[in-house]
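In what follows, a single structure is set out as structure tokens and then discussed.
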Amino acid sequence: MPMRMLVTGGAGFLGSHLCDALLAEGHSVVCADNLLTGSQENIAHLAREPRFVLREQNVSQPFDFGPVDYIFHFASPASPEDYMRHAIETLQVGSLGTMNCLDLAQKYGAKFFLASTSECYGDPLEHPQCETYWGHVNPIGPRSVYDEAKRFAEAVTMAYHRYRKVDTHIVRIFNTYGPRLQLNDGRVISNFMKQALSGEDLTVYGDGSQTRSFCYVSDEVAGILALAHSDEHEPTNIGNPVEFTILECAKVVLEVTGSQSKIRYEPLPQDDPKQRRPDIGKAKRLLGWEPKIDLRAGLQLSLDYFREAVRTGGARA
């Protein structure tokens, strides 16, 4: 049955792809975004879609757009560069914003879906990371504004589920990339693609032996929708379990782009996780989901977008 969906942060990288997917399922979508880190360019193709509306709204402030059937709370700065620049806003949207959305879900009897993060695991002592691991997080470090905002968001989501009977779901998202990823957001893939396509040296922090797992955006959204349609309420990892060192990732980017750029080494930032890889056994068992697109194929699918973003200087509306 078609439903009225609310997507906070719907003009962001992942939020905009989610809006596309929900519209493709036949639903109508209200996108709430204050455009702090989101971009109207990400949803410009939906301007003439009658089932889509953008509301410029800071969800950390009380709001109500009328009855909705499902709330997807994706609003938050998500890259280190963005959440360190907007530290207080990141804490606010993870706390006040999450509670405002949960209050709306309770009011209208709507389902609620929280976009959480693998950053809840911090610099993990367990590898790969499964959902039962509680994490190793510095609560006062430079990354804490994002890590602790999401950890609080998970706690309050579970509280509304337990004590107010809201039908909630929580996804822990691992590194995701693809078209619409901000060119200048400081994340690994966008940094490397920008540098390679601009003929600059690729910046590798530390010795490049730290690891990440990269999930192409269409795989990520498919996992998110599978979880949203499920009866699972506790956090679930959605990511690609294939692990690369940062140095290996840089070399794949150079191959895909055909760039002659060199690799430059810089000191490792404080609290930068040394390894990151999801255990997706739960998602495979409960949802029948696993990613299909490998890193090389995903970078090829992203290449035209990044070329255009470099050509235009990453300009955003």
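Computed quantities for the displayed model
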item: Filter result for the condition that a residue is among the charged types (D, E, K, R), open to solvent by less than 80 Å² (accessible area, probe 1.4 Å) and modelled with pLDDT of 95 or more, over 294, 279, 272, 304; result: 279
item: Only listed residue being among the polar types (S, T, N, Q) and farther than 30 Å from residue 191 by Cβ, chosen from 61, 92, 40; result: 61
item: Subset of the range 234-262 (residues that are surrounded by fewer than 19 Cβ atoms within 10 Å (Cβ to Cβ) and farther than 22 Å from residue 297 by Cα); result: 234, 262
item: Residue among 142, 124 that is open to solvent by less than 50 Å² (accessible area, probe 1.4 Å), modelled with pLDDT under 95 and either among the acidic types (Asp, Glu) or not in a helix (DSSP H, G or I) (or both); result: 124
item: When residues of the range 185-209 are limited to those that are surrounded by fewer than 19 Cβ atoms within 10 Å (Cβ to Cβ) and of a type in the set (S, T, N, Q), the one nearest to residue 280 (Cα to Cα); result: 209
item: Matching residues, the range 182-194, being of a type outside the set (S, T, N, Q) and out of contact with any Leu (no Cβ under 9 Å at 6 or more places or on another chain); result: 183, 185, 186, 188
item: So residue 54, is it modelled with pLDDT of 95 or more, in contact with a Phe, Trp or Tyr (Cβ under 7 Å, 6 or more places away or on another chain) and not in a loop (DSSP other than H, G, I, E, B); result: no
item: Per-region count, the range 21-51, residues in a loop (DSSP other than H, G, I, E, B) and of a type in the set (Ser, Thr, Tyr); result: 2
item: Residues within the range 264-317 that are of a type in the set (A, V, I, L, M), touching a Ser or Thr at 6+ places or on another chain (Cβ under 8 Å) and not in a helix (DSSP H, G or I), tallied; result: 2
item: Where a residue in the range 34-54 is closer than 14 Å to residue 78 by Cβ and its partner, wherever it lies, is aliphatic (A, V, I, L, M) and at pLDDT 95 or above, with Cβ under 7 Å and at least six apart; result: 38/11; 39/11; 42/11
item: Lone unmet requirement of (1) open to solvent by less than 30 Å² (accessible area, probe 1.4 Å); (2) farther than 23 Å from residue 257 by Cα; (3) of a type in the set (Gly, Ala, Ser); (4) modelled with pLDDT of 95 or more for residue 135; result: (4)
item: Residue in the range 145-162 that is among the basic types (Lys, Arg) and at pLDDT below 95 present; result: no
item: Entirely in the range 189-252, the strands (runs of 3 or more DSSP E) that have 1 or more residues that are within 20 Å of the chain's Cα centre (by Cα) and of a type in the set (Ser, Thr, Tyr); result: 211-213, 236-238
item: Residue that is nearest to residue 240 (Cα to Cα) [pool: residues in the range 101-116 that are open to solvent by 10 Å² or more (accessible area, probe 1.4 Å) and touching a strand residue (DSSP E or B) at 6+ places or on another chain (Cβ under 9 Å)]; result: 111
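Yes/no per residue for (1) of a type in the set (Ser, Thr, Tyr); (2) within 19 Å of residue 224 (Cα to Cα); (3) at pLDDT 95 or above:
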| site | (1), (2), (3) |
| --- | --- |
| 3 | no, yes, yes |
| 16 | yes, yes, yes |
| 61 | no, no, yes |
| 69 | no, yes, yes |
| 84 | no, no, no |
| 93 | no, no, yes |
| 96 | no, no, yes |
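The values are calculated or read from the model by the stated rules, or taken from the named source; none is laboratory data. Predicted model, so just to flag it, every value in this text is computed and none were measured. When we count neighbours, we look across all protein chains shown, and the Cβ atoms used for this are built from the backbone with ideal geometry, even at glycine. SASA here: full protein model, heavy atoms, side chains in, ligands and nucleic acids out. Shrake-Rupley method; radii C 1.70, N 1.55, O 1.52, S 1.80 Å.
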